[in-house]
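Take a look at the structure set out below.
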Amino acid sequence: MTELRIESLGQHGDGVATHGGERIFVPFALPGERIEAALEGERATLLEVVEPSPDRVEAGCPHFGRCGGCALQHVAPPAYAEFKRGLVALALEHAGIDAGIDEVIDARGIGRRRTSLHVRKSGTGYMRAKSHDVLDIATCPILVPALQQAAPRIARALQQLAGDCDVGFTATDTGIDLSVKSARKLKPMALADFARTHRLARLTFNGDPVFMVQAPAIRMGKAMVEIPPGSFLQATAAAEATLARLVREGIDSGGGAVKAVADLFCGVGPFALRLAETARVHAADSDRPGIVALTRAVNHVQGLKPITTQVRDLFRDPLAPVELMPFDAVVFDPPRAGAEAQARELARCKVKTVVAVSCDPKTFARDAAILIGGGYRLESVTPVDQFAYSPHVEVVGVFRR
C-alpha cells in the first residue's frame, strides 16, 4: 500500500500522481486528494481516500466503481464540466490553436437512448472496470427510463435462448429496437416469439432483421426517420437537438442569405432535415442504408426545401472545391477519425461558413488547424456533454472566411 497525492485529472478521467519520478494513474481519485493505493506499474487501485477533495460527491449508481461504463460519477458538477471543457482546450493547445471556448452545454437530457450489454453465464451487464469480466446489473440510471430496467431484464432473458451474446438496444419513438449478436443458430420463429413477449418494435439477429411489428423511428425536425439496423444515432435526444441548434445558429449568424448547405457525413439526416426548413441541402454519407432512410423520410414530409442525397465515401472521395462552389455553408459531422481529407478540400474552397461537429477533440483540433491554415477563422468552439460521466465530449466549431 502506497500513499499518493493526486495532482490532476488525466484525459481518461483518472487521477494522476507522481511516485518515484513516474506518473501514476488512479481511477476514481480526484486532484488534491491524499489517498492510499495499490501500485500496479503505471496504474494503481484506489484503496482509501485519506483526505477527500471538496469536489468529491456520492455517486448516484450502486455499481459505480465496479462497472466500467462510468468514470466520473464521483465528481461534482462544476469540476465535471470543467474537466470536459479542459479536454477541448488541451486538444486545441496541442494543435497550436488559440481560441476561446464556451462553457459546456449539458445535453445528457433524460439519459442515453442507446446501449450495448454483454450476456454471459456469469451475468448480464457491462464489463467491469479494467476487466473483461461482466458485472451483472439490474438497472442502469444513465439510460432513458424506457431502458433503465428493461434493457438488463430483456438481455438476461436472452441467455436461455441465445446463450452468450452481445445485445444492442435503441429506444425510439415507436418502441425498442433490439440487435443481437450470437454464435448460435436460432430459428426465426423462436426469435419472433421472444420479440412479441418483450414487446419489441424490431429484433435484428446477427445483422438480419427477423421480426418487426413497427419500424423503429425517431422524429427529426418535421420528419419521422426510420432507423436502419446499425445506423449512427446521437447518444441522447437532447444532444441531437442541441447540436442541430448550434449548427443552425452557426450557419445563420454569418450574415447574408443562406440558400444552399452541404451536410457531409450526414447519417440519417438529423441536421439536413432541420436545415432544409430554410435552405436547400445536399446530404452525403457512405452509409447507404442511412441515405435510403433519409431519402424515404424526405419523400414523406412536406414544408421542406429540396434535399438531394448521395452515397459517397468522404474519407476517400471528399467533395472537391468545384463541387463545393454552389454552397453558402458546409457542415460536417464525421466519425471519431475526423474529416482530414474533406477538411483539406474545404481549406482550398471559398465557402464562407463551415460548421464542424466532432465527438473527438483531438481530431477536431487537427481538422480545425487545416481549415485555419487555409484561411478560415475559428469563430467559436462549444463543448457539448452527451456522454454522461465518461471522458468523452462533443465539440461544435464555427469557421468563417
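Which value, in Å³ per residue, describes the convex hull spanned by the Cα atoms of the range 154-281?
Numbers: hull volume 13.4 nm³, N = 128.
In the range 154-281, the Cα convex hull volume per residue is 105 Å³.
How do 98-108, 142-152, 183-193, 199-209 rank on mean C-beta neighbours within 10 Å, highest first?
Working: 98-108: 15.7, 142-152: 19.5, 183-193: 12.6, 199-209: 17.9.
Per-residue mean Cβ counts within 10 Å order the peptides as 142-152, 199-209, 98-108, 183-193.
Can I get the semi-axes of the range 306-401's equivalent ellipsoid? Compute them from the C-alpha gyration tensor as square roots of 5 times the eigenvalues, in angstrom, largest first. Write out the running numbers ahead of the final one.
Details: eigenvalues 100, 48, 31 Å².
In descending order the semi-axes read 22, 15, 12 Å.
Compute the distance in nm between two label points, each set 7 Å from the Cα along the Cα-to-Cβ direction, one at Arg348 and one at Arg43.
4.4 nm
Magnitude of the Cβ-charge dipole of the range 53-140, K/R +1 and D/E -1, about the Cα centre, nearest 20 debye? Show your work: numbers first, answer last.
Working: 12 positive and 10 negative charges, 144 e Å.
The dipole of the range 53-140 has a size of about 700 debye.
Using a probe of 1.4 angstrom, how much of the accessible area of the range 127-267 is carbon and sulfur, in percent? If you can, show how the numbers build up before the last one.
Details: 3390 of 6440 Å².
Roughly 53 percent, rounded to a whole number.
Using just the C-alpha positions of the range 2-72 as equal point scatterers, what log10 of I(q)/I(0) does the Debye formula give at each q in 0.19, 0.21, 0.23, 0.27 1/Å?
-0.70, -0.86, -1.02, -1.35
What whole-number value in cubic angstrom gives the convex hull volume per residue for the C-alpha atoms of the chain? Display every interim value, and only then the final one.
Values: hull volume 58.4 nm³, N = 401.
With only Cα atoms used, the chain gives 146 Å³ per residue.
Probe of 1.4 angstrom, ligands and nucleic acids ignored: what's the accessible area per residue over the chain, in square angstrom?
Values: 18180 Å² over 401 residues.
Ligands and nucleic acids excluded, the figure is 45 Å² per residue.
Dipole of the range 162-307, Cα-centred, from +1 at each Lys and Arg C-beta and -1 at each Asp and Glu C-beta, to the nearest 20 debye? Let's see the in-between values first.
Numbers: 17 positive and 14 negative charges, 63 e Å.
Once rounded to the nearest 20, the dipole reads 300 debye.
List nothing, just return the count: lysine pairs in the chain, 8 or more apart or interchain, with Cα separation under 28 Å.
So the count works out to 18.
With a 1.4 Å probe and all protein chains left in place, how much of the accessible area of the range 328-401 comes from carbon and sulfur atoms, in whole percent? Before the final figure, lay out each step's value.
Numbers: 1210 of 2300 Å².
C and S atoms contribute 53 percent here.
Order of 303-313, 262-272 by packing, highest average Cβ count within 10 Å first? List each step's numbers first, then the result.
Values: 303-313: 15.4, 262-272: 27.0.
For the peptides 303-313, 262-272, the packing ranking is 262-272, 303-313.
Jot down the radius of gyration and Dmax of the range 106-219, Cα atoms only, both in angstrom.
13.7, 44
How much length, in nm to one decimal, is gained on full extension between Arg312 and Ser286, taken as 0.36 nm per residue of separation minus their Cα-Cα distance? Could the numbers behind the result be given before it?
On the way: separation 26, 0.36 × 26 = 9.36 nm, distance 0.47 nm.
Extending this stretch completely gives an extra 8.9 nm.
For Glu51 and Arg199, what is the calculated FRET efficiency with R₀ set at 60 Å and r taken between the beta-carbons, to the nearest 0.05?
Working: r = 51 Å, r/R0 = 0.84.
For Glu51 and Arg199, the calculated efficiency is 0.75.
For the range 249-313 and the range 178-200, write down the distance between their C-alpha centroids in whole Å.
Rounded to whole Å, the Cα centres lie 35 Å apart.
Among Val298, Phe364, Thr353, which residue has its Cα positioned farthest towards the positive end of the charge dipole of the range 292-401, with +1 placed on the Cβ of Lys and Arg, -1 on the Cβ of Asp and Glu, and the dipole taken about the Cα centre?
Thr353
Given the peptides 57-70, 226-239, 116-129, arrange them by the average over their residues of other C-beta atoms within 10 Å, most packed first.
Working: 57-70: 16.9, 226-239: 20.8, 116-129: 18.4.
The peptides rank, most packed first, as 226-239, 116-129, 57-70.
Can you give me the Kirkwood hydrodynamic radius for the range 219-273, using every pair of distinct Cα atoms, in Å to one decimal?
Numbers: mean 1/r = 0.0804 Å⁻¹.
The answer is 12.4 Å.
The values are calculated or read from the model by the stated rules, or taken from the named source; none is laboratory data. All figures in this text were calculated on a predicted structure; none of them were measured in a lab. With ideal geometry, Cβ positions are generated from the backbone for all residues, glycine too; neighbour counts draw on all protein chains shown. Remember, those area values only see protein heavy atoms, side chains included, never the ligands or the DNA or RNA. Shrake-Rupley method; radii C 1.70, N 1.55, O 1.52, S 1.80 Å.
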